[in-house]
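Asks: Handing you this structure, nothing more for now.
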Amino acid sequence: MTTLTGKVALVTGAGRGIGKAIAVLLAESGCRVVLTARSRDQVEEVESAIRSKGGAARSVPADLTRDDEIGRLVDSTREQWGGVDILINNAGWGKRAPVVRAKIDDWDRTLRVNLRAPMVLAHLLVPHMISKGEGAVINIGSISGKSGEANGSAYSASKFGLIGFTQSLYEEVREYGIKVAVVLPGFVDTPLIPANRQLDRNKMIRAEDIARTVHFVLTSADTCCPVEITVRPQKSPYR
């Protein structure tokens, strides 16, 4: 993309943490940003913050485990601003539990939010990008998608799958000028990581660091695509 000004960006999980940071930076870069998350209060607060600084934003609360709500999100965006130029799949969910004691419903929700929703959104939104000959799909994964760990089976499986989906989609749409990438953060200081005496939060990645990584992908030269980027804390956050 030669410029982000005027582009329509849809950011999932935009009510806080990484999603909020990405949405704010894209708005500052000239994008019209659609904010979605389950919490209406959170996305409306982010919308107000962006608008107060002269940015263009609208909030559309949605539960990404429900196809009807995904469809409503897409339809609402098209009615307001036309097709989406930039899709940021950031929403994530997961409960830690050993395989033998985990709840199947929790597994289903993890896979639907972390893997299925990005696939469905890409299915619905990429055709517009193809017709324009440009666009971007950036998935926010995790280093858990590179190495499994005890008590995180469904989460790791979803993030492993997200890497595979990213690679496949890239191969399918690269010739249309569409960038497809997955960003794999390590420990990020967000509300998703609860207080833990073993972790020094001052040494963790900031949400804004991941936002700048996303911006780097979007503004990279047309001759290349950073398909996979791992972002790790410079210093170990373990005490």
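Asks: State whether one or more residues within region 149-166 are open to solvent by 50 Å² or more (accessible area, probe 1.4 Å) and aliphatic (A, V, I, L, M).
Replies: There is at least one residue in region 149-166 that is open to solvent by 50 Å² or more (accessible area, probe 1.4 Å) and aliphatic (A, V, I, L, M).
Asks: Would you tally the residues in region 1-44 being among the β-branched types (V, I, T), at pLDDT 95 or above and either surrounded by fewer than 24 Cβ atoms within 10 Å (Cβ to Cβ) or in a helix (DSSP H, G or I) (or both)?
Replies: Of the residues in that region, 6 qualify.
Asks: Kindly indicate which of G148, G152 is at negative phi and without any contact (Cβ under 8 Å) to a residue 24 or more places away in the chain.
Replies: Answer to the check: G148.
Asks: Also: Checking H128 against (1) open to solvent by 10 Å² or more (accessible area, probe 1.4 Å); (2) more than 17 Å from V11 (Cα to Cα), only one condition comes out false. Which one?
Replies: (2)
Asks: Check region 116-137 and report whether any residue there is out of contact with any His (no Cβ under 9 Å at 6 or more places or on another chain) and assigned to a loop (DSSP other than H, G, I, E, B).
Replies: yes
Asks: I'm trying to understand the selection: among the residues of region 60-117, which are open to solvent by less than 30 Å² (accessible area, probe 1.4 Å) and at pLDDT below 95?
Replies: G82, G83
Asks: With the condition kept exactly as written, say whether any residue in region 178-196 is in contact with a strand residue (DSSP E or B) (Cβ under 8 Å, 6 or more places away or on another chain), modelled with pLDDT of 95 or more and in a helix (DSSP H, G or I).
Replies: Scanning region 178-196 turns up no residue that is in contact with a strand residue (DSSP E or B) (Cβ under 8 Å, 6 or more places away or on another chain), modelled with pLDDT of 95 or more and in a helix (DSSP H, G or I).
The values are calculated or read from the model by the stated rules, or taken from the named source; none is laboratory data. None of the values given here were measured: they were computed from a predicted structure. Every residue, glycine as well, gets a Cβ built from its backbone with ideal geometry; the counts of neighbours run over all protein chains shown. For the accessible areas, the whole protein counts, side chains as well, though only heavy atoms, and no ligand, DNA or RNA atoms are used. Shrake-Rupley method; radii C 1.70, N 1.55, O 1.52, S 1.80 Å.
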